[in-house]
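Asks: The structure is given below, and queries will be raised subsequently.
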Amino acid sequence: MLVPLSEIIVIAPNFKKRLSGVTSTIVQLIPLQQAQGVRIATLGPGLPDYLPWIAWSSLGHLWKQPTKYPFRIWHARRNVEMIAGIIMRDILRMKMRLVFTSAAQRHHKPLTRWLIRRMDRVIATSARSGSYLKVPHTVIMHGVDLSCFTPPVTKADKFSASGLPGKYAIGCFGRIRHQKGTDLFVDAMIALLPYYPEWTAIIAGRTTVRHQKFEKILKEKTAAAGMSTRIVFLGELLNVHKWYRRLTLYVAPSRNEGFGLTPLEAMASQTAVVTSDAGAYSELVTPGSGTVVPSGDGKALRRAIEPYLSNPMKTIAAGKIALAHVHSTFPLIKEVTAIDAVYKDLFMFHDKSEDC
């Protein structure tokens, strides 16, 4: 939905066409931000048409001060977007202030550190990502859309409706690649499922060309173990929220992550979780809702999963604890409200500076 720049105070650029975690964040946040009264629009490719967006040609009007506001906010989430914002604010002298959200769980390279120091406000998506920042920042953790990710309600939400064998499902969703630890999950299932015939493992997610050989090796390993009907590869799913509801246990075995939303999506679907300590996972899982193990440790992952397979009733109870935890701590609206507070603080700081 094309909107005129005159109606917009916050611009959320998306300078990457391919779907990513950042893109998904923008898609989820903007409708709620709009509903909360934030005058926001996107700029860039790869986003749904229903989101408000401004034309590239409208950037030439950013020299003009918006009505009732001293400047507009450019909310960047990637280096290239920070660079664009700095050029517009500092070189072209456009009336803008810059906000950056960092999800990285690593020491930043010199260029990134230089860019971050030039932001007017910085948001970290977890305490862990904030620990790598050398500037003042606000920790605002991602939330989950509780209207989309819900507990099972209808018969179609039950695992029995899937047509797959077994009584209970354990799942691992997301892009299939070494970084995500899909191989660790497959190895754990090959080792454990022969002892737990009521369980079926489901792997779902997109595999890019670069990682198709990795996926092929996993399928061949599964077939060689005689487990092709017990470890099922579903590919990329358009209705992944329904499959979360069909799970009793979800596993996120990533070796590294930026943030990692899938455990929250699973918990919002009333599913217990076992995760690595990559990304923000250890900050998402509360006692009773799941287990966290060291990333890359296949043996620890198997040891953590087995008690859930051996006691399905306890696993179902853990899923209920997970659901309550997400509803109290990680609703998406909480993230929206916290980001809006950062915007308002930026405007208030400007007003106080003017008074001085």
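The values are calculated or read from the model by the stated rules, or taken from the named source; none is laboratory data. Model, not experiment: these values are computed from the prediction. Because the Cβ atoms are built from the backbone with ideal geometry, glycine has one as well, and the counts that use them run over all protein chains shown. Calculation scope for accessible area: heavy atoms of the full protein, side chains included, ligands and nucleic acids excluded. Shrake-Rupley method; radii C 1.70, N 1.55, O 1.52, S 1.80 Å.
Asks: Of 205, 88, 307, whose Cα points farthest to the positive end of the dipole of the chain (charges on the beta-carbon: +1 Lys, Arg; -1 Asp, Glu; origin at the Cα centre)?
Replies: With unit charges placed on the Cβ atoms, the residue in question is 88.
Asks: For the range 100-177, with every protein chain kept in place, what is the accessible area per residue (1.4 Å probe, Å²)?
Replies: With all protein chains present, the range 100-177 gives 49 Å² per residue.
Asks: For the chain, find the longest principal axis of its Cα atoms and tell me its angle to the long axis of helix 312-329, 0 to 90°, nearest 10.
Replies: 10
Asks: Tell me the carbon and sulfur percent of the accessible area for the chain, rounded to whole percent, probe radius 1.4 Å. Working shown, then result.
Replies: Numbers: 9280 of 16350 Å².
Looking at the chain in its full context, I get 57 percent from C and S.
Asks: Find out how many positive minus negative residues lie around residue 293, taking Lys and Arg as positive, Asp and Glu as negative, among other residues whose Cβ is under 13 Å from that of residue 293.
Replies: Values: positive: 255, 299, 302, 303; negative: 277, 297, 306.
Charge balance near residue 293 sits at +1.
Asks: So what's the net charge close to residue 155: Lys and Arg +1, Asp and Glu -1, counting the other residues with Cβ under 14 Å from its Cβ?
Replies: +3
Asks: Let me ask something else about it. If you put +1 on each Lys and Arg Cβ and -1 on each Asp and Glu Cβ, how big is the dipole of the range 287-347 around its Cα centre, in Debye rounded to 20?
Replies: Using only the charged Cβ atoms, the result is roughly 320 debye.
Asks: With every protein chain left in place, what is the accessible area per residue of the range 225-356 in square angstrom, probe 1.4 Å?
Replies: That works out to 42 Å² for each residue.
Asks: Rg and Dmax of the range 235-314, Cα atoms, in Å?
Replies: 12.1, 33
Asks: Give the Rg/Rh ratio for the chain, taking Rg as the radius of gyration of the Cα atoms and Rh as the Kirkwood radius, to two decimals. Each step should come with its number before you reach the end.
Replies: Values: Rg = 22.1 Å, Rh = 21.7 Å.
With Rg and the Kirkwood Rh in hand, the quotient comes to 1.02.
Asks: Same structure, new question: Can you tell me the relative contact order of the chain? Whole percent, Cα pairs under 8 Å, sequence separation 6 or more.
Replies: 14
Asks: Mind listing the phi-derived Karplus ³J(HN,Hα) values for the range 337-347, rounded to whole Hz, using 6.51, -1.76 and 1.60 with θ = phi - 60°, and x for any glycine or proline?
Replies: 5, 5, 5, 4, 5, 5, 4, 5, 4, 5, 5
Asks: Restricting to Cα pairs below 8 Å that are 6+ residues apart, what does the relative contact order work out to for the range 51-203? Please round to a whole percent.
Replies: Relative contact order for the range 51-203 comes out at 14 percent.
Asks: Here's another thing I want to ask about it. Over the range 238-307, what relative contact order in percent results from Cα pairs under 8 Å that are six or more residues apart? Walk me through the numbers before you get to the answer.
Replies: Numbers: 114 pairs, mean separation 20.0, N = 70.
Value for the range 238-307: 29 percent.
Asks: So, with +1 on the Cβ of K and R and -1 on the Cβ of D and E, and no other charges, what is the size of the charge dipole of the range 130-275 about its Cα centre, to the nearest 20 debye? Write down the numbers at each step before the final one.
Replies: Working: 18 positive and 10 negative charges, 55 e Å.
With Lys and Arg at +1 and Asp and Glu at -1, about 260 debye.
Asks: So how strong a dipole does the chain carry about its Cα centre when Lys and Arg Cβ are +1 and Asp and Glu Cβ are -1, to the nearest 20 debye?
Replies: 720
Asks: Consider just the alpha-carbon atoms of the range 102-197 and return their Rg together with their Dmax, both in angstrom.
Replies: Both quantities, over Cα of the range 102-197: 20.5, 57 Å.
Asks: To continue, here is another question. Relative to the compact-globule scaling 2.2 N^0.38 Å, provide the ratio for the alpha-carbon radius of gyration of the range 152-277.
Replies: Here the Cα radius of gyration is 0.99 times the empirical estimate.
Asks: Taking K and R as +1 and D and E as -1, what net charge do the other residues with C-beta under 13 Å from the C-beta of residue 198 add up to?
Replies: Neighbour charge sum, excluding residue 198 itself: +2.
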